[in-house]
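One structure is given here, and the rest of the page talks about it.
The values are calculated or read from the model by the stated rules, or taken from the named source; none is laboratory data. Worth saying up front: this structure is predicted, and the values here are computed from it rather than measured. Glycine gets a Cβ as well: all are built from the backbone with ideal geometry, and neighbour counts include every protein chain shown.
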Amino acid sequence: MLSVVDYPDRGYGGKNTYRGNCSPKLIEDLIDQYQMKNLNDFMCGSGTTEDVCSRRGIETHCFDLNRGYDMIDMDIPVRSENIFWHPPYDDIIVYSDEMYCADDVIQRYGFDPRVNDLSRCNGWNDFVKKMNYCMNKQFASLEKGGRMFVLMGDIKKKGKLYSMLCDIAKPGTLEQILIKTQHNCMSYNRKYNGRFIPIVHEYLLVVRKDTALLYPIYMTAYHTFDIRDSMSATWRDVVASVLEDAGTLKLQEIYLKISGHKKCKSNTHWKEKVRQTLQKYDDFISSERGVWKIKKFA
């Protein structure tokens, strides 16, 4: 395998009518690359992993909400040497009641799959929380030396990128990231205006469990940052940001916006520094004496 994989012909396995179904050829290549004797899948969808492993004579245990297995509320049923996981990409494709009938699961297994369906989360933060719970739960069930292979993608909504690769928990040793090109996406048939760039790739994350009891977990943390408290931002950046945020300000109003923050606490002559910055750079325009605004790009 190379770090970029491409499967124009998806191969045989699973149902090609089951939206979001990955190429069986990817799973075949992973089996060969890592010389697998076991590969389990706890969100197997239409059964692609199961079909490939059956054809190749690889031991496998496959489960899914549509088969009566709820990863959020139920224990991982088996220990694994290798796990393949292809979670939903938030709500881009909804599965319960779209790809299968939720009432059938209720009648057969006694629970409603819509409750813990990762494609029915309450926004991105809820999705990430549940995704990471499932990620860590599966990794804990790996044998020492085992691997998880997670196929995931990025999502764009209202001009913002939501990246599963960035936000997913990464337990153990980060071994590899592969890029998988996508084919026959619905976005291929759409025309986009402006600067929108369609997403035509996915990621395959490979993590390895080198130790049994203690292992690192890399988690994304979000913080709100105030540039006025930054020691790396220049005075030019700070003053420009204040004016971009507030518009036209008097000099005394600029002082008030910056006063009390770490940037001015590091310089006892910070007011002089503000005045020097305003007068030094052509980013700033004085519309009248003591009144300043930011110069806009044409």
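When segment 239-250 is filtered for residues that are surrounded by 12 or more Cβ atoms within 10 Å (Cβ to Cβ) and farther than 12 Å from Phe284 by Cα, the ones remaining, listed by number, are Ala246, Lys250. All conditions but one from (1) loosely packed, with under 11 Cβ neighbours inside 10 Å; (2) of a type in the set (Lys, Arg); (3) over 37 Å from the mean Cα position of the chain (by Cα) apply to Lys296; the one that does not is (3). Tally time: how many residues in segment 1-46 are in a loop (DSSP other than H, G, I, E, B) and either surrounded by fewer than 20 Cβ atoms within 10 Å (Cβ to Cβ) or in contact with a Phe, Trp or Tyr (Cβ under 7 Å, 6 or more places away or on another chain) (or both)? Residues meeting the conditions: 27. When segment 229-252 is limited to residues that are over 18 Å from Lys295 (Cβ atoms) and not polar (S, T, N, Q), the one that is modelled with the lowest pLDDT turns out to be Met231.
Within segment 216-265, being among the hydroxyl-bearing types (Ser, Thr, Tyr) and in a helix (DSSP H, G or I) holds for Ser241, Tyr255. Considering (1) outside the structural domain of Met131 (by TED's automatic domain parsing); (2) surrounded by 10 or more Cβ atoms within 10 Å (Cβ to Cβ); (3) within 30 Å of Asp167 (Cβ to Cβ), the lone condition that Lys209 does not fulfil carries the number (1).
Of the strands (runs of 3 or more DSSP E) lying entirely inside segment 64-166, those containing at least 1 residues that are assigned by TED's automatic domain parsing to the domain that holds Val207 and of a type in the set (Lys, Arg) span 142-152, 154-157, 160-163. The conditions of being crowded, with 18+ Cβ neighbours inside 10 Å, β-branched (Val, Ile, Thr) and closer than 28 Å to Met36 by Cβ are not met by Val105.
Answer yes or no as to whether Leu174 is in the same structural domain as Phe149 (by TED's automatic domain parsing) and free of Cβ contacts under 8 Å to residues at least 24 places away in the same chain. Steps first, answer last, please.
Details: in the same structural domain as Phe149 (by TED's automatic domain parsing): yes; free of Cβ contacts under 8 Å to residues at least 24 places away in the same chain: no.
The answer is no for Leu174.
When segment 51-84 is filtered for residues that are surrounded by fewer than 18 Cβ atoms within 10 Å (Cβ to Cβ) and closer than 17 Å to Cys22 by Cα, the ones remaining, listed by number, are Ser54, Arg55. Every condition in (1) at pLDDT 95 or above; (2) outside any helix (DSSP H, G or I) holds for Pro198 except the one numbered (1). Here Thr268, Thr277 are screened, and the one residue that is over 35 Å from the mean Cα position of the chain (by Cα), more than 30 Å from Val128 (Cα to Cα), part of a loop (DSSP other than H, G, I, E, B) and of a type in the set (Ser, Thr, Tyr) is Thr268.
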